[in-house]
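Asker: Below are the structure tokens for one structure; questions will follow.
The values are calculated or read from the model by the stated rules, or taken from the named source; none is laboratory data. Computed from a prediction, not measured in an experiment: that's the story for all the values here. Counting neighbours? That spans all protein chains shown, and the Cβs are built from the backbone with ideal geometry, glycine included. Just the protein is used for accessible areas: all its heavy atoms, side chains included, with ligands, DNA and RNA removed. Shrake-Rupley method; radii C 1.70, N 1.55, O 1.52, S 1.80 Å.
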Amino acid sequence: MGRYNKPSDRTRKRRRGAPTFVHTIPLRATPRKVKLVETRFEVGRLHYNACLGECFRRIERIRLDPRWEKAREMPKQVDGLSNPERSALFAELRVDHGFSERSLMSFGSSLRQSFVRDHVGSQEAQELGSRAYRAANDWLVGKHGRPRFKGAGHVLHSLVAKDGNGDVRVA
């Protein structure tokens, strides 16, 4: 093969939709390491709640804007298609009040101050901000009910990095 015609290392290893195998293996961790993991998930819960609270503040500012009522009163469809003026006005409101996935991911990263930096990685912080944005956005557009803050007894079940290569590292 020529210099540029060699196969990529990023080719799909299995066919799309092929069955996968998942197995849960119990870990034997020391009490110290268990405490570290529990702390990491607790700090992640607090981080998620802070991002969700910021989402609610931004949504409240959007709803208090007079353009919000104006956009809501416009017809949803014009000639069988979605109303472009209405969509543009809603998009303008989101931009003006900073309600976007990217801005909430940035907010999530900005929360990594002091002790949070030791327990939540940068990509996980961005993903928690993104998770809070998606929940609040679904509520804003009427797909789901109002998202709830996670209480002390209801910890997160997973922490995810943006690229999927993040992992829980216990020192």
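Asker: Among what's in region 15-37 and is in a helix (DSSP H, G or I) and in contact (Cβ under 8 Å) with a residue 60 or more places away in the chain, pick the residue that is nearest to Glu101 (Cα to Cα).
Answerer: Val37
Asker: Which pairs turn up if I take residues in region 97-126 that are on the phi > 0 side of the Ramachandran plot and look for partners that are open to solvent by less than 70 Å² (accessible area, probe 1.4 Å) and not hydrophobic (A, V, I, L, M, F, W, C) with beta carbon separation below 9 Å, at least 6 apart in sequence or on another chain?
Answerer: Pairs found: Gly98/Arg58.
Asker: If you don't mind, there's one more thing I want to ask. Counting just the residues of region 125-171 that are polar (S, T, N, Q) and surrounded by 15 or more Cβ atoms within 10 Å (Cβ to Cβ), which one comes out modelled with the lowest pLDDT?
Answerer: Gln126
Asker: Here's a follow-up. Can you name the residue in region 101-120 that is in a helix (DSSP H, G or I) and at pLDDT below 90 and, of all such residues, is surrounded by the most Cβ atoms within 10 Å (Cβ to Cβ)?
Answerer: His119
Asker: Kindly provide the set of residues from region 65-98 that are among the acidic types (Asp, Glu) and open to solvent by 50 Å² or more (accessible area, probe 1.4 Å), ordered by number.
Answerer: Answer for region 65-98, where residues must be among the acidic types (Asp, Glu) and open to solvent by 50 Å² or more (accessible area, probe 1.4 Å): Glu69, Glu73, Asp79, Glu85, Glu92, Asp96.
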